[in-house]
Amino acid sequence: MVKADTSKFPIDGNAAEPDLAELILNARTSKEHVETVLKTDDRVIARVTDGIYRRPGSALRELISNAYDADATEIFIDTDAPRFGTIKITDNGVGMSPAVLARLLEHIGGSSKRTNEGSQIGVASSSDSTVSNTKNRKLIGKIGIGLFSVSQLTQRFQIITKIKGEKYRTIASVVMKTYTEDDLKTIGDTKKFESGRVTIWSEDAEDAESHGTTIILNDLKPQAKDTLRSKDIWATIQESQAEDDGLVALQAPRFHIGHIDANTGELITDTARVPWNLDDDPEQKFKKLVDCVWDQLKHSDPNPKLSELFDYYLQMVWDLSLAAPIPYVNGDPFDIPFGNTIRAFELANSSKKGAPQAIEVDVSSKKNLREAFQIKDDLNKSDKFEIFLDGLKLARPLKFTELPATTHAIKEPLVFVGKCLQPFKGVMREISGGPLEFDAYLFWTPKIAPREHRGSLIRINGASGTLFDVTFMRYQTAEMNRMNQITCEIFVKQGLDGALNIDRESFNVAHPHYVFLSRWLHSALRQVANMQKKVASELRKDNISQRTDDTIGRLQSFVEREWEVIGNDPDESPPPIVFSDGSHENSSGSPTEQGAYVFDRSTLFSEIKTKRKTSTSDSSLKVFEEKLKSIAQLLAAYGVFDNMTKSRQERLLKSIGDIMATESEE
Ligand SMILES: Nc1ncnc2c1ncn2[C@@H]1O[C@H](COP(=O)(O)OP(=O)(O)OP(=O)(O)O)[C@@H](O)[C@H]1O
Ligand SMILES: [Mg+2]
């Protein structure tokens, strides 16, 4: 056996190559085996620091993860919105000693987390390098590139850091170099590669006990600023509004931090519309952000969509809240005392005979689902970790109670809980990645709000970068309606980390853990679908026979039959349509109007009424209205309204009404 001289590798990679090549050549005749270490070409790092993270939110997510790993209890992010000149992120974590700082700057892509060195220099616990130094948090970081994801936002940033017990704080001022394709070509020739330059100095600190890290991102790149200010969204809207083509113009997001004037490129903040008040406390502000989405259900939008409600910035706030290892805004689903307001089922992992089946569990006498199903905490509740983003205190924006009433036969949500530990026994650890352990719930309810929460969200040790996967890990099914009624979280306690791609925003779908988990999820979905059908059929009532024989009754029966024939859930009624007088706000929240499509009567009938004033009696106008409602129900049943803004829906309906009125005037 010959060993290549690896000591030369890190300093000047290419210098060692002739050695290795020589060894290979020499070994041809000797038939000896050559052994060496794999090494990384620095250009990989250029790609990584420059190109794998695409959204500004990813950089903030990485910095939050670093603060979490550093045992911070609080992190303050000030984005300087809506200007976004400088972004400042301050945590009260352990800070970085000169050794840790040096390590980070000199080993991009070579994280000390989860290594012995990490334990030695205090980045990880001294007894277990996979958990944090003092709070035993499972470390999120593992690669050593997360911090450099800020390079999509800026080329210049500062790290100000201090550890407890020292009278200095250390400041590193970094200027990243960005390389063009041409640069990278020539680097290949010159061998020398530089990711950037750093100047480091120390300053006296008064309070020796203080500790923590501040990252300051200076001079945000114009492109990053544009994204954060939703420039593209505003440009498209203004274009559509300026066009005099008779088309219905695109609507501005309902909530936003100001709009960009397409002509001047200026940000107009006077128009800003945020769902909170300036003097609300951070927790209230965030709650209002969450509530405004569910409020849409009461108003006129039964399928609120974040991408239509919010500008980029507010969506980013939402996504960060979904991803971070923080508590839920209205309580952890496993801790909510549901009593008898839900029905709960235990998912089977396998079955000796036939397909696995979920079993109903009586939870009405149990404190909560955690007790009923013996679920371990996803996050340690006594371990405080709070994120304040521009004055909002973030929390997981998921709600499981006070859900809107619907027309569905099943009145309570159905929740399915599963637990699984797959040891991958008998499979080499290098291949299997070791054991995989997780808990999960699948929550079925007739309407999932916002629409972006349909699907499955995977958290590894409390954190996620992938958000909701609407395909449920590529589940093949024709039952799209039912799938649209399921939201699911999977809490991975052990494993799967190796299947996460380095940007933490996607998975390697061929990894054994991912393959196993997706099979498990697909089996769970089949169990949910079967049970949901069973529960519904138990509750089935034959409404149609009770119908009166009048025209309205016939119209309703027709729509209901059609609703079922085209593959909708027969236990659900078609969405109710309400023609309202005056405002859309249905503050009373009466159950008949919840989940309904509400249209403004005066808009729909503006022309019809005046034209037909003399010739039409009240009752034929009523039938006319009911016909229009039936058409609207059909359109909704076919999903035609799903991707339409309110004003387009109204416009379409008005046109149909106009056509109908034209015909009957003959
Ligand atoms: N807020 C912070 N407080 C203390 N140390 C930090 C902080 N941010 C970064 N570090 C140090 O810098 C190192 C590099 O951070 P970076 O995010 O680039 O990589 P990582 O967290 O180790 O791995 P990953 O790339 O998977 O995130 C960390 O390992 C840690 O030692
Ligand atoms: Mg990190």
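The values are calculated or read from the model by the stated rules, or taken from the named source; none is laboratory data. It should be emphasised that the depicted structure is a prediction, and the values quoted were computed from it without experimental measurement. Here Cβ is always computed from backbone atoms with ideal geometry, including for glycine, and neighbour counts include all displayed protein chains. SASA here: full protein model, heavy atoms, side chains in, ligands and nucleic acids out. Shrake-Rupley method; radii C 1.70, N 1.55, O 1.52, S 1.80 Å.
Details
- Contour excess over end-to-end distance, with Cα ends at E562 and R197 and 0.36 nm allotted per residue: 124.7 nm
- Acute angle (nearest 10 degrees) that the helix 231-242 long axis makes with the longest principal axis of the chain, alpha-carbon atoms: 30 degrees
- Net charge dipole size for the stretch 44-225 [Lys, Arg +1 and Asp, Glu -1 on Cβ; Debye, nearest 20]: 540 debye
- Tensor-based shape of the stretch 44-225 (alpha-carbon gyration tensor, a/c under 1.5 rounded, otherwise prolate or oblate): prolate
- Of the peptides 383-394, 61-72, 558-569, the ranking by mean beta-carbon count within 10 Å, highest at the top, reads 61-72, 383-394, 558-569.
- Contact order relative to length of the chain, as percent, for alpha carbon pairs under 8 angstrom and 6 or more apart: 11 percent
- Taking all protein chains into account, the per residue accessible area for the chain stands at 49 Å² (1.4 Å probe).
- Close Lys pairs in the stretch 44-225, defined as Cα atoms under 25 Å apart and 8 or more places apart or on different chains, number 28.
- Anisotropy class of the stretch 274-538 from Cα gyration tensor, a/c 1.5 cut: oblate
- Between R83 and T134, the FRET efficiency estimated from the beta carbon spacing at R0 = 30 angstrom works out to 0.20.
- The charge dipole of the chain, taken about the Cα centre with unit charges on the Cβ atoms of Lys, Arg (+1) and Asp, Glu (-1), comes to about 1740 debye, rounded to the nearest 20.
- With R₀ fixed at 30 Å, the C-beta to C-beta distance from V640 to I552 puts the FRET efficiency at about 0.85.
- Calculated P(r) tail over 20 Å for the stretch 91-172, as whole % of Cα pairs: 33 percent
- Computed from backbone phi, the HN-Hα couplings of the stretch 361-369 come to 10, 7, 9, 4, 9, 8, 4, 6, 5 Hz, rounded to whole numbers (Karplus: 6.51 cos²θ - 1.76 cosθ + 1.60, θ = phi - 60°; Gly and Pro given as x).
- Centre separation in Å (Cα based) which lies between the stretch 341-394 and the stretch 99-174: 33 Å
- Magnitude of the charge dipole, the stretch 274-538, Cβ model with Lys/Arg +1 and Asp/Glu -1, debye to 20: 1140 debye
- Treating each Cα of the stretch 340-475 as one equal point scatterer and applying the Debye formula with no solvent, the log10 of I(q)/I(0) at q = 0.11 Å⁻¹ comes out as -0.55.
- Note on the chain: along the principal axes its Cα atoms extend 98, 69, 58 Å, ordered by decreasing extent.
- The helix-based estimate of mean residue ellipticity at 222 nm for the chain, built from -39,500 (n - 2.57) per DSSP H run of four or more residues and divided by its residue count, is -10500 deg cm²/dmol to the nearest 500.
- Here the accessible area is traced with a 1.4 Å probe on the protein chains. For the chain, carbon and sulfur cover 50 percent of it.
- Considering only Y475, S464, V274, and ranking their Cα positions along the charge dipole of the stretch 274-538 that arises from unit charges at the beta-carbon of Lys, Arg, Asp and Glu, the one farthest toward the positive end is Y475.
- Cβ-derived FRET efficiency at R0 45 Å, S126 paired with V44, nearest 0.05: 0.90
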